[in-house]
1. Taking amide H positions as placed in the peptide plane 1.01 Å from N, state which residues far from CYS216 in sequence (5 or more) or on other chains have amide H under 5 Å from it.
2. Roughly how compact is the chain, stated as its Cα Rg over 2.2 N^0.38 Å to two decimals?
3. Keeping all protein chains in position, work out how much accessible area MET62 exposes to a 1.4 Å probe, and write it in Å² to the nearest 10.
4. Can you tell me the accessible area per residue over the chain, all protein chains present, probe 1.4 angstrom, in square angstrom?
5. For the full complex of protein chains and a 1.4 angstrom probe, list HIS51, HIS178 by accessible area with the highest value first.
6. Would you grab the residues whose amide H sits under 5 Å from the one on TYR84? Only those 5+ places off in sequence or on another chain, please, with H modelled 1.01 Å from N.
7. Classify the range 107-208 from the C-alpha gyration tensor, please: rounded if a/c falls under 1.5, else prolate or oblate depending on whether a/b exceeds b/c.
8. How many percent of the accessible area of the range 106-228 is carbon or sulfur, using a 1.4 Å probe?
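The values are calculated or read from the model by the stated rules, or taken from the named source; none is laboratory data. Please read these numbers as outputs of a predicted model, since none were measured by experiment. With ideal geometry, Cβ positions are generated from the backbone for all residues, glycine too; neighbour counts draw on all protein chains shown. The protein model used for the area step is the full one, side chains on, heavy atoms only, and it has no ligands, DNA or RNA in it. Shrake-Rupley method; radii C 1.70, N 1.55, O 1.52, S 1.80 Å.
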Amino acid sequence: MTHPRGSATPTLQEQARALGDPTRYSIFRYLADAAAPVDVAELTGRFALNHNAIRQHLAKLMQAGLVMQDQTSSRGRGRPRLNYRIHPGAESRWDVTGPYERLSLLLGELLRTGDSAVDVGRRAGLRRALDTQADDGPVEFVVRSMEREGFDPVARGRGTKVDVVLRTCPFETAALAHPDTICSLHLGMAHGIAERTGGAVVVDELVAHDPRRANCRLRLRVASEDER
C-alpha cells in the first residue's frame, strides 16, 4: 500500500491542481464510483490511454493525497498486481465520502439503536472489511483493513504478540472532544475486522494516545489452533 508518508498533508490548493486536469479528474471520479479497487488495465481500457499515461495521472493523484495504491499477490509467477482506490482521507469537498461523513453515519447508528460505541464500530468493521484482500496472513488483513479506514497503520512485533501502531487518527477533532466515544468506535471496528480472520487474530486492547500525535496501539494476539 502506497501513499505519501513522512511529508506534510497536501493542501487544498495542491489537491485542486491535481484535479484541474480533466482526464485526471475523470480518473478520480471513476475510482470514487468504483465498487472495488481498480487496476491500471481497467483504467487504460476505460480512458483509451496507454499504461504510462495512466500511471502518471495516478502518481499526481497519489502525491496530492487523493488516491492510494494497494499491492495484491498475483496468481502464479507474475508480478504483484497494483490496484488503486480513493484515499480514505479525501475530503468531501471533492464529492466523495470523507472521514467525517463516515463518522456521522456511525454516530447516527449509535443514536438510533442505543447500542454501545464498541458494538456499532464492530458492525462497521465487519461490513467494511468484506472487500479487503491480504495474502500475507491475518495480521496483514487487519493492517490493510485499518489502512482503508485512514489510520496509516504499521505492524510491529513478531510471534503471537503484535502491536498495530495507528499513525493517523482520521477523526482527530472529534476524538479530542469525545475521546471515549471515538476510541470505542475504533476499538469496535478493530474487533469486527479481526472477526473476519475467522478467529486467527484477537484484539486484546486499544492503547489510546493524544489524537493530535496519534500513534495509538492496537494490541493483537495471533490465536493458537485450539483457540480458533
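1. Distant-sequence amide H within range of CYS216: LEU166, HIS209.
2. Values: Rg = 18.1 Å, N = 228, 2.2 N^0.38 = 17.3 Å.
Output field value: 1.04.
3. Counting only protein heavy atoms, MET62 exposes about 30 Å² to solvent.
4. Values: 12210 Å² over 228 residues.
So the chain comes to 54 Å² accessible per residue, rounded to a whole number.
5. On the way: HIS51 85, HIS178 115 Å².
Highest to lowest solvent-accessible surface, that is HIS178, HIS51.
6. Long-range HN contacts for TYR84: VAL38, ASP39, ASP70.
7. On the way: a/c = 1.88, a/b = 1.43, b/c = 1.31.
Note, shape of the range 107-208 comes out prolate.
8. On the way: 2880 of 6110 Å².
It is 47 percent, rounded to a whole number.
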